[in-house]
Amino acid sequence: MYLTDDEIIAILLKEKKRKRRRRRVLRRLTCLAVFILILILGIGLFINRGVLDTPFNGRGVIFIDPGHGGVDGGSTALGRKEKDDTLALSLVVKEELEEMGFKVYMSRTDDSDVDRAERGKMANNKHAKLMISIHRNQDDKSEGEGVEIWIPSDNNKESRLLGENIIAELEKQGFYNRGVRSGTLVNSKDDYYENSVPTMPSCIVETGFVSKASDNKLFDSKLKENGKAIAKAIEKTFASLYETEE
Ligand SMILES: [Zn+2]
């Protein structure tokens, strides 16, 4: 069978058209696939951000700040560094709070450098409901002992409640109660960074003296109990500030 030139041209044209149509369909499918992929990624990112930035996860967000870290060892006495103690205790507090249903963020979870002024900003960024800075005290004469808590200079009642609850629980563990104080050691109208930057109730817990052997013994032998005590006080404060019915 022979085909005329016109017939051959017609067949070729039809073939060309079919190819073009197929290419067009393929292009559309690719566009659709890319669109769906972007949509899925977008939704994923949205959900992910939602989870990361949600102010409440279970009962709420608590910010724990283990004092010092990295090159800043904090107080040193009797062969120990404050930065190690603050991290060890903070990790217990975190674990206990998480068991109670809180979302816990920390300024550091290892021996890293974190700027002091940044710690409060981190708590603000995480929408924390309470910020607790864990420290230890020092007295070169080795006379000072016990727990001391610092709250903002405005002496706001929420921070005071937090401080009073924590010191009461630590007193039960055997620490001498040095009281909850507002401002700083040198100026009652001034604030430590840890209390001036956060927008939520906050306090600095000076958990005994590194320079006092009996405080260190209490700190080490009851590390878990002390962490539990602080977490219990935080929970109690959170409940009365945020979970009571109007
Ligand atoms: Zn300190």
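The numbers here are math on the coordinates, done by the rules we state, and not lab data. All figures in this text were calculated on a predicted structure; none of them were measured in a lab. In this analysis, Cβ positions are derived from the backbone assuming ideal geometry, glycine residues included, and neighbour counts consider all displayed protein chains.
Using only side-chain charges placed at the Cβ, +1 for Lys and Arg and -1 for Asp and Glu, the dipole size of the chain relative to its Cα centre rounds to 2380 debye.
Helix hunt in the chain: which complete DSSP H runs extend at least 24 Å axially by C-alpha with mean Kyte-Doolittle at least -1.0? Span-like helices in the chain: 5-53, 82-99, 223-242.
In percent, what relative contact order does the chain have, based on Cα pairs under 8 Å that are 6 or more apart in sequence? Relative contact order, the chain: 21 percent.
When only alpha carbons are used to place a centre, segment 132-165 and segment 61-118 end up 16 Å from one another.
The local environment of Glu235, defined by Cβ-Cβ distances under 9 Å, has a net charge of +2 under the rule Lys, Arg +1 and Asp, Glu -1. Each peptide in 31-38, 75-82 was scored by the mean count of other Cβ atoms within 10 Å over its residues; highest first, the order is 75-82, 31-38. Where both bridge residues fall in segment 122-246, DSSP classifies roughly 30% of the beta bridges as antiparallel. Around the Cα centre of segment 69-132, unit charges on the Cβ atoms of Lys, Arg, Asp and Glu (plus for the first two, minus for the last two) sum to a dipole of about 300 debye. From helices alone, the chain scores -17500 deg cm²/dmol at 222 nm; the rule is -39500 (n - 2.57) for each run of n ≥ 4 DSSP H residues, then divide by the residue total. Each of Ile151, Asn216, Ile36 was placed along the dipole of the chain (beta-carbon charges, centred on the mean Cα), and the one lying farthest toward the positive end is Ile36. Between Arg160, Arg108, Arg28, the residue with the greatest mean-square fluctuation in the GNM of the chain (Cα pairs under 10 Å linked by springs) is Arg28.
With a ≥ b ≥ c the root eigenvalues of the C-alpha gyration tensor of segment 61-242, is it rounded (a/c under 1.5), prolate (a/b larger than b/c) or oblate? Cα axes put segment 61-242 in the rounded bin.
Scoring 124-133, 231-240, 12-21 by mean Cβ neighbours within 10 Å over their residues and listing the highest first yields 124-133, 231-240, 12-21. In the chain, the DSSP beta bridges split such that about 25 percent are antiparallel, to the nearest 5.
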